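Enquirer: Would you mind keeping the following structure in view while I ask a few things?
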Amino acid sequence: MVQKDMLALGRRRSVIREIFEYGRKRKVEIGAENVFDFSLGNPSIPAPPQVTETLSRLLQNTDPATLHAYTSAPGDPQVRQSVANYVKDTFGFAASPALIYMTAGAAASLTVTLTALVGPGDEVVVLAPFFPEYTVFIERTGATVRPILCREEDFQVDPTALSHAITPNTRAIIINSPNNPTGAVLSLESVKAIAAILTEKETAFGHPIYLISDEPYRELTYGGVEVPYLPLYYPDTVVCYSFSKSLSLPGERIGYILVSPTATDAADVFDAVCGAGRALGFVCAPSLFQHMVKDCIGLVADITAYDRNRRRLLEILTDCGFDVVKPDGAFYLFMRSLEPDAVAFCERAREQELLLVPSDDFGMPGFVRIAYCVSFEQIERSEEAFRRLADSYQGGH
């Protein structure tokens, strides 16, 4: 007999994947150029050339028995040292290689970290809108998801709502900046407010509340916007990082967990991370790509194409009369639906071959997510479709 909860989860794809699969089918039916698929956050720009060069060199000049061998369970020591060096050089934060655990991407980082830190009866605060898989990752541990809404005008944290959401059962909070699905970047003011509230609650409740910083989009920002490095502002921080977006390698699944040396019981937290990785089978992240990271850490794919897409799409949507908050990072744009039911709005958008993702599973109904990591030509071609969608609501129809 299979586990019924896993059976249900396996039979119900995420809403993003459902729309993506519909789009694949539709492209076969009417031609890819006639479908405006904005569903999946799949990087559309190439990796930096140094990545290909490094992989080629490793494959040609390294003994295969060594290159493809198991590393230490938490990762190759030299790779972990390179991550620690990069963090110190870039953010001025003294990370320890002994507290870094290499993983198969951000999803593995999050599931391992949550398994290490929370369990039945615990609560994990998430800032809505949030990546829908957080719910899956948290509930698998037996913990409860406790969402709070960010301010709709700028998607910054609401300090009062955050303070009220934290209870004696709160063991962690997940922060995602730049954010999926809004593209918002938490300001330094917001970060300091979060740190102050968590510090106050830790004192009041007598136990640590760990801040889990989910950072697959850290380097994807525009117009000089900076992303505060959370361990500098709150001691009890665990960073979950992925190279999927910065190096444009989403299918290779490589990232890391960094436990702040300033965290309460940091060594125990790291050992629990190692235990969770063992229990979940996430030991020895892909060896070839670990070695690539050692030489390519700090590189970023050329994101000028995303910025061009962002600016053009904002222009189109604003001109059509849609309500959008300008995104400062990632490659997503959050747009208010023209009716309260975002699912119905997305169904009407499909009539124009526009594939948008309703916001309900992101924890903030009434919006849609548009992933603009697509070709510039698709954005240009979509203008008339967006205009027809907006016009279809004129006069209440």
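The values are calculated or read from the model by the stated rules, or taken from the named source; none is laboratory data. All of these numbers come straight from a predicted model, not from anything done at the bench. Glycine also receives a Cβ, built like all others from the backbone with ideal geometry; neighbour counts cover every protein chain displayed.
Enquirer: Please indicate, with yes or no, whether at least one residue in region 297-314 is closer than 30 Å to VAL51 by Cα, under 21 Å from the mean Cα position of the chain (by Cα), acidic (Asp, Glu) and crowded, with 20+ Cβ neighbours inside 10 Å.
Expert: For region 297-314, residues closer than 30 Å to VAL51 by Cα, under 21 Å from the mean Cα position of the chain (by Cα), acidic (Asp, Glu) and crowded, with 20+ Cβ neighbours inside 10 Å: absent.
Enquirer: Which one is nearest to PHE91 (Cα to Cα), of the residues in region 249-277 that are crowded, with 21+ Cβ neighbours inside 10 Å and hydroxyl-bearing (Ser, Thr, Tyr)?
Expert: SER260
Enquirer: Residues to consider are ALA172, ALA84, ALA69; find the one that is out of contact with any Lys or Arg (no Cβ under 8 Å at 6 or more places or on another chain), part of a strand (DSSP E or B) and more than 26 Å from ILE370 (Cβ to Cβ). Even if it seems obvious, please write down each step before you answer.
Expert: Values: ALA84 fails: part of a strand (DSSP E or B); ALA69 fails: part of a strand (DSSP E or B).
Sole residue among the options that is out of contact with any Lys or Arg (no Cβ under 8 Å at 6 or more places or on another chain), part of a strand (DSSP E or B) and more than 26 Å from ILE370 (Cβ to Cβ): ALA172.
Enquirer: State the number of residues belonging to region 325-354 that are at pLDDT 95 or above, closer than 28 Å to ARG218 by Cα and of a type in the set (D, E, K, R).
Expert: Adding up the residues that qualify gives 2.
Enquirer: Ok, one more. ALA65 versus (1) surrounded by fewer than 17 Cβ atoms within 10 Å (Cβ to Cβ); (2) under 26 Å from GLU226 (Cα atoms): which is the lone unmet condition?
Expert: (2)
Enquirer: Tell me whether region 229-247 contains one or more residues that are over 30 Å from ILE45 (Cβ atoms) and basic (Lys, Arg).
Expert: So far as region 229-247 goes, no, none of its residues is over 30 Å from ILE45 (Cβ atoms) and basic (Lys, Arg).
Enquirer: A follow-up question, please. May I ask you to list the residues in region 90-106 that are crowded, with 19+ Cβ neighbours inside 10 Å and farther than 25 Å from LEU67 by Cβ?
Expert: Within region 90-106, PHE93, ALA95, LEU99 qualify.
Enquirer: Return a yes/no flag: does region 140-151 have any residue that is touching a residue at least 60 places away in the same chain (Cβ under 8 Å) and in a helix (DSSP H, G or I).
Expert: Checking region 140-151: not a single residue is touching a residue at least 60 places away in the same chain (Cβ under 8 Å) and in a helix (DSSP H, G or I).
Enquirer: Going by the structure shown, is GLN60 part of a helix (DSSP H, G or I), of a type outside the set (Ser, Thr, Tyr), modelled with pLDDT of 95 or more and surrounded by fewer than 10 Cβ atoms within 10 Å (Cβ to Cβ)? Walk me through it before giving the result.
Expert: Numbers: part of a helix (DSSP H, G or I): yes; of a type outside the set (Ser, Thr, Tyr): yes; modelled with pLDDT of 95 or more: yes; surrounded by fewer than 10 Cβ atoms within 10 Å (Cβ to Cβ): yes.
Yes.
Enquirer: Here are some residues: VAL15, VAL35, VAL79, VAL87. Which one is surrounded by 15 or more Cβ atoms within 10 Å (Cβ to Cβ), under 13 Å from HIS291 (Cα atoms) and hydrophobic (A, V, I, L, M, F, W, C)?
Expert: On the way: VAL15 fails: under 13 Å from HIS291 (Cα atoms); VAL35 fails: under 13 Å from HIS291 (Cα atoms); VAL87 fails: under 13 Å from HIS291 (Cα atoms).
Of the residues listed, the single one that is surrounded by 15 or more Cβ atoms within 10 Å (Cβ to Cβ), under 13 Å from HIS291 (Cα atoms) and hydrophobic (A, V, I, L, M, F, W, C) is VAL79.
Enquirer: Does ALA8 satisfy the criteria of being assigned to a helix (DSSP H, G or I), over 23 Å from the mean Cα position of the chain (by Cα), of a type in the set (A, V, I, L, M, F, W, C) and not assigned by TED's automatic domain parsing to the domain that holds VAL112? It would help to see each step written out before you state the result.
Expert: Values: assigned to a helix (DSSP H, G or I): yes; over 23 Å from the mean Cα position of the chain (by Cα): yes; of a type in the set (A, V, I, L, M, F, W, C): yes; not assigned by TED's automatic domain parsing to the domain that holds VAL112: yes.
Against the criterion (assigned to a helix (DSSP H, G or I), over 23 Å from the mean Cα position of the chain (by Cα), of a type in the set (A, V, I, L, M, F, W, C) and not assigned by TED's automatic domain parsing to the domain that holds VAL112), ALA8 qualifies.
Enquirer: Filter region 175-206 down to the residues that are over 21 Å from ARG369 (Cβ atoms), touching a residue at least 24 places away in the same chain (Cβ under 8 Å) and in a loop (DSSP other than H, G, I, E, B) and list them by number.
Expert: SER187
Enquirer: Would you confirm whether or not region 371-390 contains a residue that is crowded, with 21+ Cβ neighbours inside 10 Å, within 30 Å of VAL225 (Cα to Cα), in contact with a Cys (Cβ under 8 Å, 6 or more places away or on another chain) and not polar (S, T, N, Q)? Spell out how you get there, then give the answer.
Expert: Initially, region 371-390 is screened for residues crowded, with 21+ Cβ neighbours inside 10 Å, giving 371-374, 379, 382, 386, 389.
Okay, now just the ones that are also within 30 Å of VAL225 (Cα to Cα), so 371-374, 379, 382, 386.
Next, from what is left, pick out any that are in contact with a Cys (Cβ under 8 Å, 6 or more places away or on another chain): 386.
Going one step further and asking which of them are not polar (S, T, N, Q), we end up with 386.
Yes - at least one qualifying residue is present in region 371-390.
Enquirer: Tell me which of these GLN352 doesn't satisfy, since it passes every other one: (1) over 25 Å from SER248 (Cβ atoms); (2) free of Cβ contacts under 8 Å to residues at least 12 places away in the same chain; (3) not aliphatic (A, V, I, L, M).
Expert: (2)
Enquirer: Hey, another quick one. Condition (residue is under 21 Å from PHE289 (Cβ atoms) and within 15 Å of the chain's Cα centre (by Cα)) applied to region 112-129: is it met by at least one residue?
Expert: Taking region 112-129 first, the residues under 21 Å from PHE289 (Cβ atoms) are 112-113.
Retained after the next criterion (residues that are within 15 Å of the chain's Cα centre (by Cα)): 113.
The answer is yes; a qualifying residue exists.
Enquirer: Exactly one of these conditions fails for PHE36: (1) out of contact with any helix residue (DSSP H, G or I) (no Cβ under 6 Å at 6 or more places or on another chain); (2) over 25 Å from TYR134 (Cβ atoms). Give me its number.
Expert: (1) is the only condition that PHE36 fails.
Enquirer: Quick one: would you say GLN78 is more than 26 Å from ALA305 (Cα to Cα) and over 21 Å from the mean Cα position of the chain (by Cα)? So that I can check it myself, show each step before the final result.
Expert: Details: more than 26 Å from ALA305 (Cα to Cα): yes; over 21 Å from the mean Cα position of the chain (by Cα): yes.
Taking the combined requirement at face value, the residue satisfies it.
Enquirer: While we're looking at this one, here's another question. I'd like the full set of residues that are touching a Ser or Thr at 6+ places or on another chain (Cβ under 8 Å), within 19 Å of SER392 (Cβ to Cβ) and not in a helix (DSSP H, G or I), limited to region 317-350.
Expert: Scanning region 317-350 gives VAL324, SER337.
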